[in-house]
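Enquirer: Sharing a structure here in C-alpha cells format.
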Amino acid sequence: MLKIHNYVLVILIICCNFIVFAQKSNELIINVHGRNTTSLDGEWNIIIDRYNNGYYDYRQQPTADGYALNQKPKSKSDRIEYNFDTSPTIKVPGDWNTQMKELYYYEGTVWYKKSFEYSIKKNKRLFLYFGAVNYHAIVFLNGERIGEHIGGFTPFNFEITSKVKDGENFIVVYVNNERKKEGVPTLKTDWWNYGGITRSVKLIETSKTLIQDYFIQLKKGSENEIEGWVKLNGNSNEQDISIEIPEINSISKFKTDKNGYAKVNMKINVELWSPDNPKLYEVKIKSETDIIIDKIGFRTIEVFGQDILLNGNSIFLRGMSVHEEAPYRTGRAYSEEDAKTILTWAKELGLNFLRLAHYPHNETIVRMADEMGILLWSEIPVYWVIDFKNPVTLRNALNQLTENITRDKNRACIIIWSMANETPISEFRNQFLVKLVNQTRKLDNTRLISAALEVEYPKDKFSPYVNDPFGKHLDVLSFNEYIGWYDGLPDKCKKVNWVINFDKPIVISEFGAGAKQGFYGDKDERWTEDFQEDLYIKTLQMIDKIENLRGVIPWILMDFRSPNRVLPEIQDGFNRKGIITENGKKKKAYYILKDWYKEKTEEFE
Ligand code: GCU
C-alpha cells in the first residue's frame, strides 16, 4: 500500500499534468509532408467520459489511477473499471460526432488510446505530431504526461525521444471540446463544434539537429529577391546551410548562429505564381545534418490605393466562403478527396479566391490550393463575442495565430491573414485585435491583413456605413452585409447607397440568403431557390456600384452543420446559405454568381 507522502506525490504529479493549461507544446515543426514520418492514423480505442471520471474521483479530486495510465488488472481480483482494448474504436483523423450516433451532438471528454511499436535509432530524435485536436488536448505517452494544447484548428508536436520505449508503446489523449466563455472560439458560433482528433497524427523521426522551421518567400515589393530565414533545432546549431532551387540552377549558402538561426537573402529569377499559373518550385534546404524539400511558389501581393496588386497587377477577388465541412459525408473535412471536391467546385464556379471560414483549415487543402491556383483568406476563430478583457483569451488567440502563420507562411496561395469576424466594437476589443495585427506583421510582413467587420445603419436605414476604428489597421477593408436577408428584402438593395470612410480596397466578406435546394416559389418566398437567386442578382448590382470594390466572398459555397439552424424540413441542423448543398446539388444562385464572375474576369483582364 502506497505510504501517505508517496500518495501525495502521485497526486501532485497528476495535478501538474492536469492543471498547467498554458504549458506550451514544443516548437512547431513545419512541412511535416516533407519529413520522415510514421502515420498513427486509423482506428483508436476510445472511452466516452462525460463526467471526467478518468481524472476526478468521487470527491472531484484528481485520481491517482486515471485513464492516462491505461492500466490492466494484474490479477483476477484486481479492480480496474475501464479497459481501452475492449472499448469501441473510432477513426483518426475524424470528428467523433459523425462517427457514432450517441455522439452526434456530444460535447465533453473522450479519451483516445493508440498502441504502436517503435525502436528509435541511436542518432535520431522522435516527435509526436497532431494536425489538430478540437479543442483541449492533453497527451500521455506510456502513462506519462508529455504535453497539452488548446485550440482546435492548428498543429502541435511534442518531443518523445527520451520517452519512447523500444518495442510496444501507447499514447493516451484526453480530448475535450466543451465550449468556454474564455475560449477561442467562445460559447456561441454558427457552426457545429465537431470534437475529436480531427486531423492526422504522425511520428516524425529527425536527425539530432533538424531543420525545424523556415520562411522562404519574396521580399515585400520585390519580384526577384527572397528574404527569409532558416531555423535549426538541436545540439549543433552553428552550421553551414544552403538553399537550392534546382530548376533555376540557383543555390545560396548561409551560416546559422548559435541559436540555429540564419537570415537568408538571395536573388532569383522565377515565373511568378498566380491562379492562372500556379507555378511551384522545388526548394531544397540543406544543413550539415538535415535536408528538407518543399514546393514553394513566389508571388508579390500588396495594396496600392484602392487596388489589390498581385505580381503588380490589379486583381479582383472572385471569392466564396467555405467551412471545413466534408462534402457528401459531412463532418470535419481533412482528406485529399474533401479538398479536391471543394477546390474543383471553386474552379468550376470561376473562383480565384476562397475564404477559409472561420478558423485555420487543414494543411492538405491549403497545399492543394497552392497547386491548383486558388488564392486564400486564412483566419483564426476570433468570432462574435470573444472575452476581449481576458489575458488568457488573448494568449490563446495569439498562440493560434502564431501556429497558423507558422504552418502556412510558405504557401503562395495565402494572401490575407484575417484577425476576426463580426466582433463588437469596444476599447478592449480594439486593443485585443491590434495586438493580433502587431503579431502578424512581426511574423510575416509579406501578406495583407484584414478582418470581417460589421456594418452600421444610420436612422434612415438606407445609407449603411462602415466606420469601425479597427479598419485603419487593415490593408484590405472587409465587411459582412446581409441586406435583403437579415435586413429587409432583396428589393432594399436598390435603394441603398454605401458610405465607406476608408480609401482602401474593399472586399465584401459575406452576403447571402438561405435556400432549401429543390424548393421553388416566387422570389419573395423565403427559403426558396428563387428568393436566394433574387438576392444574389440584386446584391451584386448593389455592390458593383461601390467604387473601390476589389473582391466579393458570398456566404457560402456549401450548406454546413450548425446547431442554430433548427427549422424542420428546411434547415434540419444545417445553415442553408450554401449555393451548393452538402450533397453537391447546385442552387439557382450558383449560376447567377458564375455569370457575374465571368464578367468580372473579363473586366479585370
Ligand atoms: C454571420 C457569420 C457566419 C454565419 C452567417 C449566417 O455573418 O459570420 O458565421 O454563418 O452570418 O448568419 O449565416
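Enquirer: What residue among 541, 66, 462 has its Cα farthest toward the positive end of the dipole of the chain, where the charges are +1 on Lys, Arg and -1 on Asp, Glu, each on the Cβ?
Expert: Checked the options; the winner is 66.
Enquirer: Set the Förster radius R0 to 41 Å, insert the Cβ-Cβ distance between residue 454 and residue 76 as r into 1/(1 + (r/R0)^6), and round the FRET efficiency to 0.05. Don't skip to the answer; put the middle values down first.
Expert: Working: r = 65 Å, r/R0 = 1.58.
For R0 = 41 Å, the calculated efficiency reads 0.05.
Enquirer: Still on this structure, please answer the following. Using only the alpha carbons of region 58-146, determine the length spanned along each of the three principal axes and report them from longest to shortest in whole angstroms.
Expert: Principal-axis extents of the Cα atoms in region 58-146, largest first: 45, 38, 26 Å.
Enquirer: From zero outward in steps of 10 Å, how is the percent of C-alpha pairs of region 492-549 spread across the bins?
Expert: P(r) for region 492-549, in whole percents per bin: 21, 43, 25, 10, 0.
Enquirer: Could you work out the relative contact order of region 93-183, using alpha carbon pairs under 8 angstrom and six or more residues apart, expressed as a whole percent? Please list the in-between numbers first.
Expert: Working: 168 pairs, mean separation 35.0, N = 91.
It rounds to 38 percent for region 93-183.
Enquirer: Moving on to the next point. Give the Debye-formula value of log10 I(q)/I(0) at each listed q (0.19, 0.34, 0.35 Å⁻¹), with one equal scatterer per alpha carbon of region 200-241, two decimals each.
Expert: -0.71, -1.14, -1.17
Enquirer: Computed on alpha carbon atoms, what radius of gyration and Dmax characterise region 339-467, expressed in Å?
Expert: 16.1, 48
Enquirer: Right, next: Using a cut-off of 10 Å between beta-carbons, work out the net charge of the residues near residue 114 (Lys and Arg +1, Asp and Glu -1, residue 114 not included).
Expert: Working: positive: 113; negative: 41, 43.
It works out to a net charge of -1.
Enquirer: Restricting to lysine pairs 8 or more places apart or on different chains, what number in region 492-542 have Cα atoms under 16 Å apart?
Expert: Step by step, the pairs that qualify in region 492-542 add up to 6.
Enquirer: Tell me the net charge near residue 538. Cut-off is 9 Å between Cβ atoms, residue 538 excluded, with +1 for each Lys or Arg and -1 for each Asp or Glu. Could the numbers behind the result be given before it?
Expert: Numbers: positive: 492, 494; negative: 491, 534.
Here the count lands on 0.
Enquirer: Divide, for region 437-556, the radius of gyration over alpha carbons by 2.2 N^0.38 Å, where N is the residue count. Write down the numbers at each step before the final one.
Expert: Numbers: Rg = 15.9 Å, N = 120, 2.2 N^0.38 = 13.6 Å.
Ratio of Rg to 2.2 N^0.38 Å for region 437-556: 1.17.
Enquirer: As an exercise, use a Förster radius of 35 Å and the Cβ-Cβ distance of residue 277 and residue 594 to find the FRET efficiency, rounded to the nearest 0.05. It would help to have the intermediate numbers written out before the result.
Expert: Working: r = 22 Å, r/R0 = 0.63.
So, using R0 = 35 Å, E works out to roughly 0.95.
Enquirer: How big is region 249-403 on each of its three principal axes, counting only the C-alpha atoms and giving the largest first in Å?
Expert: Taking max minus min along each principal axis of the Cα atoms, region 249-403 gives 46, 43, 40 Å.
Enquirer: Mind listing the long-range amide H neighbours of residue 291? Cut-off is under 5 Å, sequence gap 5 or more, other chains count too, H placed in the peptide plane at 1.01 Å from N.
Expert: Result for residue 291 returns nothing.
Enquirer: Still on this structure: Taking 0.36 nm per residue of sequence separation and subtracting the Cα-Cα distance, how much length would be gained by fully extending the chain between residue 570 and residue 99, in nm to one decimal?
Expert: Taking residue 570 through residue 99 to full extension adds about 167.2 nm, to one decimal.
Enquirer: For region 227-270, count all C-alpha to C-alpha pairs, find those more than 17 Å apart, and express that count as a whole percent of the total. Don't jump to the answer; show the numbers that get you there.
Expert: Numbers: 320 of 946 pairs.
Result for the distance tail: 34 percent.
Enquirer: Output wanted: per-residue J couplings in Hz (rounded whole) for region 432-445, from phi through Karplus 6.51 cos²θ - 1.76 cosθ + 1.60, θ = phi - 60°, x for Gly and Pro.
Expert: Along region 432-445, the couplings run 4, 5, 5, 5, 5, 4, 4, 5, 5, 4, 5, 7, 7, 9 Hz.
Enquirer: Residue by residue through region 398-413, what is 3J(HN,Hα) from phi via Karplus (6.51 cos²θ - 1.76 cosθ + 1.60, θ = phi - 60°)? Round to whole Hz and write x for glycine and proline.
Expert: 4, 5, 5, 4, 5, 5, 5, 5, 4, 5, 10, 5, 9, 8, 4, 5
Enquirer: Still on this structure, please answer the following. Over the Cα atoms of the chain, what radius of gyration and what Dmax do you get, in Å?
Expert: 25.2, 81
Enquirer: With charges set only on the Cβ (+1 for Lys and Arg, -1 for Asp and Glu), what does the dipole of the chain come to about its Cα centre, in debye to the nearest 20? Before the final figure, lay out each step's value.
Expert: Values: 81 positive and 83 negative charges, 300 e Å.
With Lys and Arg at +1 and Asp and Glu at -1, about 1440 debye.
Enquirer: Under Stokes-Einstein, with the Kirkwood radius over Cα pairs standing in for Rh, what whole-number D in µm²/s applies to region 307-384 at 25 °C and 0.890 mPa s?
Expert: Numbers: Rh = 13.1 Å.
Approximately 188 µm²/s, per Stokes-Einstein.
Enquirer: Taking amide H positions as placed in the peptide plane 1.01 Å from N, state which residues far from residue 26 in sequence (5 or more) or on other chains have amide H under 5 Å from it.
Expert: Sorted by chain and number, the residues that satisfy this are 157, 159.
Enquirer: Full extension from residue 428 to residue 27: what is 0.36 nm times the residue separation minus their Cα-Cα distance, to one decimal in nm?
Expert: 141.4 nm
Enquirer: Any chance you could run the full-extension gain for residue 583 through residue 165? It's 0.36 nm times the residue separation minus the Cα-Cα distance, nm to one decimal. Don't jump to the answer; show the numbers that get you there.
Expert: Values: separation 418, 0.36 × 418 = 150.48 nm, distance 4.57 nm.
Extra length available between residue 583 and residue 165 comes to 145.9 nm.
Enquirer: When the Debye formula is applied to the Cα atoms of region 181-333, each taken as the same point scatterer, what base-10 log of I(q)/I(0) results at q = 0.10, 0.17 Å⁻¹?
Expert: Ignoring solvent entirely, the Cα scatterers give -0.58, -1.04.
Enquirer: Would you work out the relative contact order for region 436-589, in percent, from Cα pairs under 8 angstrom that are 6 or more residues apart? Each step should come with its number before you reach the end.
Expert: Working: 300 pairs, mean separation 27.9, N = 154.
Contact order relative to length: 18 percent.
Enquirer: Putting +1 on Lys and Arg Cβ atoms and -1 on Asp and Glu Cβ atoms, find which of 497, 383, 573 reaches farthest to the positive end of the dipole of the chain.
Expert: With unit charges placed on the Cβ atoms, the residue in question is 383.
Enquirer: If we count every other residue with Cβ under 12 angstrom of residue 138's Cβ, Lys/Arg +1 and Asp/Glu -1, where does the sum land?
Expert: -1
Enquirer: Next question. List the extent of the Cα atoms of region 96-144 along each of their three principal axes, largest first, rounded to whole Å.
Expert: 46, 19, 19
Enquirer: So what J values fall out for region 528-541 if you push phi through Karplus, 6.51 cos²θ - 1.76 cosθ + 1.60 with θ = phi - 60°, rounded to Hz, Gly and Pro as x?
Expert: My calculation for region 528-541 gives 7, 4, 5, 5, 4, 4, 5, 5, 4, 4, 6, 5, 5, 5 Hz in order.
Enquirer: Still on this model: Roughly what angle does helix 336-349 make with the longest principal axis of the chain, taking Cα atoms, 0 to 90 degrees, to the nearest 10?
Expert: 10 degrees
Enquirer: Under a 5 Å amide H to amide H cut-off, with H placed in plane at 1.01 Å, what residues pair with residue 219 once short-range neighbours are removed?
Expert: Counting only residues 5 or more places away or on other chains, the set is 225, 226, 227.
No value in this document is a laboratory result; all are computed from the given coordinates. Everything numeric here is computed off the predicted structure, so don't read it as measured data. Note that we place each Cβ from the backbone using ideal geometry, even for glycine, and neighbour counts take in every protein chain shown.
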